[in-house]
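Colleague: So that we are looking at the same thing, I have put the structure below in structure tokens.
The values are calculated or read from the model by the stated rules, or taken from the named source; none is laboratory data. Small disclaimer: the values here were computed from a predicted structure and weren't measured. When we count neighbours, we look across all protein chains shown, and the Cβ atoms used for this are built from the backbone with ideal geometry, even at glycine. When the accessible area is computed, the model is the full protein with side chains, heavy atoms only, and any ligands, DNA or RNA have been set aside. Shrake-Rupley method; radii C 1.70, N 1.55, O 1.52, S 1.80 Å.
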Amino acid sequence: IVGNDMDMLRQISQEIQSKLTKVPGTTDIRDTLGPARVNWWFTPRHETLDFYGISEVELASQGRIAMVSDKFGEFTMPGTQDNLDILLGMAWPSRQGEIGGPKKWEEVNRINIFNREGRGIPAYDLLEGHVDQAPLSITHKNGRRSVTVMAKTAGRTAGEILKDFIPELDKMQQTWPGGYSYNIAGEAEEMEEAFGSAGQALMVAFVLVFSILALLFDSFKQPFIIMFSVPFAMIGVFGGFFLAWIPMS
């Protein structure tokens, strides 16, 4: 499925997965988005910043020190030893001596931003928090965002499943917003490519075999008689497939 908005693609993917569960022969239905990741992000409250006399640059620089550790120098070691990085950050208890930002929400609530007078203001008074969901990975197809819905087959071929499901998929597409579409991939796509390549190879093989037979018998009539008798053997092949109920897959 291709489109522009990831939330809409996730919604369409879930709709398709729900319909696929009702199609006999499908198992392990999933998509490439996986479970959504929860994102927290913050926007500054400009009126509050002006009240305390804190600029956005000061807010960003102090917030960065509280959330990550920045390298601002090196300590030169003697001899061939590697130089030690000098990092600026905060020692959060949840890190247990490791470098990085806070791991607990109560530690985030204790972050203070200092104004030019040296007064510490809680960061949550200066920022407005937002929560949303984001996919673990974003894939593209021909420059557009895409989601692939996958399923395994059990007891039926992919062609039989698609024959039942594509009419239902076409009905769902009519309810999608403009700019969203689907195409079939996986085993069905590979089968179509294989049949297309096989048709081209068959024509080349026909010409080559005819040429060899014409040279061998020194005649154009006998190669035609030999080669046009071969397709009659397919009657038995397709008849055997029909009697044994072997699907053409």
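Colleague: Using a 1.4 Å probe on the protein heavy atoms, what percent of the accessible area of the range 102-249 belongs to carbon and sulfur?
Modeller: Of the solvent-accessible surface of the range 102-249, carbon and sulfur hold 62 percent.
Colleague: Mind pulling the angle between the C-alpha long axis of helix 233-244 and the longest principal axis of the chain? Nearest 10 degrees, somewhere in 0 to 90.
Modeller: That works out to roughly 60 degrees.
Colleague: Also, quick follow-up: Tell me which residues come under 5 Å, amide H to amide H, from Ile113 once H is placed; ignore anything under 5 positions away on its chain.
Modeller: Hits under the 5 Å cutoff: Ile121, Ala123.
Colleague: Residues of the chain: accessible area per residue at 1.4 Å, in Å²? Before the final figure, lay out the partial values.
Modeller: On the way: 17560 Å² over 249 residues.
Per residue, the chain has 71 Å² of solvent-accessible surface.
Colleague: Of the options Ile161, Thr139, Asn112, report the single residue whose Cα projects farthest towards the positive end of the charge dipole of the range 107-209 (beta-carbon charges: Lys, Arg +1; Asp, Glu -1).
Modeller: Projecting each Cα onto the dipole axis, the largest value belongs to Asn112.
Colleague: Could you point to the label whose value was computed as Cα extents along the principal axes in Å for the structure here, given [x] 104, 59, 32; [y] 114, 42, 35; [z] 55, 40, 36?
Modeller: Calculated Cα extents along the principal axes in Å: the matching label is [x].
Colleague: Right, something else. Using a cut-off of 28 Å between alpha-carbon atoms, which lysines can reach Lys171, once sequence neighbours fewer than 8 places away in the same chain are excluded?
Modeller: The reachable lysines, counting only those whose Cα sits under 28 Å from Lys171, are Lys19, Lys22, Lys141, Lys152, Lys163.
Colleague: Multiply the residue gap between His46 and Glu106 by 0.36 nm, knock off their C-alpha separation, and tell me the result in nm, one decimal place. List each step's numbers first, then the result.
Modeller: Numbers: separation 60, 0.36 × 60 = 21.60 nm, distance 2.41 nm.
Extra length available between His46 and Glu106 comes to 19.2 nm.
Colleague: Follow-up. Each residue of the range 56-65 in order: what ³J(HN,Hα) in whole Hz does its phi give by Karplus 6.51 cos²θ - 1.76 cosθ + 1.60, θ = phi - 60°, with x for Gly and Pro?
Modeller: Values per residue, Gly and Pro as x: 5, 5, 5, 4, 5, 5, 5, x, 5, 4 Hz.
Colleague: Using the Cα centre of the chain as origin and beta-carbon charges of +1 (Lys, Arg) and -1 (Asp, Glu), tell me which of Ser18, Ile65, Leu127 is placed farthest towards the positive end of the dipole.
Modeller: Final value for the positive-end residue is Ser18.
Colleague: How big is the dipole moment of the range 53-149 about its Cα centre under a simple scheme where the beta carbon of each Lys and Arg is +1, that of each Asp and Glu is -1, and everything else is neutral? Debye, nearest 20, please. Show your work: numbers first, answer last.
Modeller: Working: 11 positive and 13 negative charges, 91 e Å.
That gives a dipole near 440 debye.
Colleague: Sticking with the crude label model, points 7 Å out along Cα→Cβ, report the distance from Val209 to Thr157 in nm, one decimal please.
Modeller: My value for the distance between the label points is 2.2 nm.
Colleague: Assigning unit charges at the beta carbon (Lys, Arg +1; Asp, Glu -1) and nothing else, what dipole magnitude in debye, to the nearest 20, does the chain show about its Cα centre? Walk me through the numbers on the way to the answer.
Modeller: On the way: 22 positive and 30 negative charges, 114 e Å.
Charge dipole, the chain, about its Cα centre: 540 debye, nearest 20.
Colleague: Here is a follow-up. With charges only on Cβ, +1 for K and R and -1 for D and E, what is the dipole size of the range 124-249 about its Cα centre, in debye, rounded to 20?
Modeller: Rounded to the nearest 20 debye, it is 480 debye.
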